[in-house]
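The values are calculated or read from the model by the stated rules, or taken from the named source; none is laboratory data. Remember, predicted model here, so these are calculated numbers, not experimental data. Cβ atoms come from the backbone with ideal geometry, glycine included; neighbour counts cover every protein chain shown.
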Amino acid sequence: MNEVFPSMLCVRQRLETALPLNVEAAISEGFEAIRPQLKPGMRVALGVGSRGISNLSEIVLLVVKELKSAGTNPFIIPAMGSHGGATAEGQVALLAGYGVTEARMGVPIRPSMEVKQLGKSAAGRDVLWSQEGVAADGVLVINRVKPHTDFSGKIGSGLMKMLVVGLGKHAGAASYHAGALTIGYEQSLIDLTKVVLTKVPVLGGIAIVEDATHELAHLEVVPVGSILIREPELCEMARSLMPTLPFDEIDLLIVDQIGKNISGTGMDTNIIGRGVHGFQLTPELSESKPFIWRIFVRDLTSETHGNAIGIGMAEATTQRLIEKIDTEALQTNVITARSVQCAKQPMAFATDAEAIKAMLESLPDPNPAKARVVRIKDTLTLSGFEISTALEQSAIAHPAIVSIDQMGQMDFGQDGNLKSITQG
């Protein structure tokens, strides 16, 4: 078997990291910006989403503590658009997976999917918003700020997205994405955000920036009047800290797992250089770096609850992954987001060995000894990964690669599946 597979190396990459962050102090000090607006007895809705943010439950708990200390009555709204199958039960389950439960947070979770129309935006779009949020006396949102997976611009995924898409629930998220296809994602987001900010008592947001190792680099309480100005600056900070695959061209990228907790599109498009609405199949036509000829996705994370969004950006997967897909959750998500390409099913194979062999044979040069292969755990975990010997010289020359260790032939178990990845 081994003669058809390349030999592999374990590499470690130097990534941008931040000094340890005192989360409690950052939240306590940051609340000074909005504390004058907090009045005893007011009902404050706290929007919490479905991303795998580092220390999410700790952050939510500390924000709840601050709100309670101000005498307010906080409650949590799942702010995740159509995620969780667009059901209240599914969204509560997603929050519980991140440790955000009523028992731990000590406040109610109000997951209703009901929305109210706030009006129409300047572009003529319906602005639909959480009915529970509209009924609150104040609203705060928590989200990670980072470049978006569906578009590039000065803003990405952050507080505005949480206000428009997350708290728009299923109906509001659908309205946003429909408008994005006609006037553009960034313009549509700003268009609807302006209506939300004028119609709802938004207090502000807790903006989180993570470093290249998925650790907290920055946390900031942004008052409502600064969101439109501050978010682009925070997005640029996040962009500068993002990890990369340090090669210009890859023949086969093996991704051990994808999921909504990894990225809104299962695997981050900023890392793999592929778009949710399609991508170029030859390097001459593609402007993305790295250009990747083939992607093989091995499995789903448990936290994604069967939502395999992003699988359509791969050429190959496994039958075991296909069997884990929650078709309703996946289709609801991609239809709402208008990213239907992300639900297409790639070729499915019984074993990893069969999938890799087929992908290597489909390359312009099928010689496994020449195949430039990279294997990663997921698109959030890039400090250590595996490469084939065909990429050894490129790795040696790259200033971000700090160590290279020989591994030998690709290591398969008796079942024909790859053994656990070596991350250095």
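Only residues that are at pLDDT below 90, over 14 Å from S157 (Cβ atoms) and touching a helix residue (DSSP H, G or I) at 6+ places or on another chain (Cβ under 7 Å): list them for the range 253-278, please.
R274, G275, H277, G278
Only one of these is more than 14 Å from the chain's Cα centre (by Cα), in a loop (DSSP other than H, G, I, E, B), at pLDDT below 95 and not β-branched (V, I, T): E236, E284. Name it. Steps first, please.
Details: E236 fails: in a loop (DSSP other than H, G, I, E, B).
Matching residue, one of E236, E284: E284.
Of the residues that sit in the range 65-118 and are under 17 Å from L46 (Cβ atoms) and of a type in the set (K, R), which one is farthest from the chain's Cα centre (by Cα)?
Of everything passing the filter in the range 65-118, K68 is farthest from the chain's Cα centre (by Cα).
Kindly indicate which of T327, T269 is crowded, with 19+ Cβ neighbours inside 10 Å and within 23 Å of H177 (Cβ to Cβ).
On the way: T327 fails: crowded, with 19+ Cβ neighbours inside 10 Å.
Step by step, each of T327, T269 is checked, and only T269 is crowded, with 19+ Cβ neighbours inside 10 Å and within 23 Å of H177 (Cβ to Cβ).
Quick check on my filter: what residues within the range 1-27 are surrounded by fewer than 16 Cβ atoms within 10 Å (Cβ to Cβ) and assigned to a helix (DSSP H, G or I)? Step through it out loud before you land on a result.
To start, the set of residues in the range 1-27 that are surrounded by fewer than 16 Cβ atoms within 10 Å (Cβ to Cβ) comprises 1-4, 14, 16-20, 22, 24-25.
Within the range 1-27, N2, E3, V4, E24, A25 qualify.
Residues of the range 97-113 being crowded, with 18+ Cβ neighbours inside 10 Å and β-branched (V, I, T), which ones?
V100, V107, I109
Output the residue which, of all residues in the range 143-152 that are out of contact with any His (no Cβ under 9 Å at 6 or more places or on another chain) and modelled with pLDDT under 75, is surrounded by the most Cβ atoms within 10 Å (Cβ to Cβ).
It comes out as T149.
For the range 380-393, what are the residues that are modelled with pLDDT of 95 or more and more than 17 Å from S403 (Cβ to Cβ)?
Matches in the range 380-393: A390 only.
Inside the range 63-87, can you point out the residues that are in a helix (DSSP H, G or I) and modelled with pLDDT of 95 or more?
First pass over the range 63-87, keeping only residues in a helix (DSSP H, G or I): 63-69, 84-86.
Passing the criteria: V63, V64, K65, E66, L67, K68, S69.
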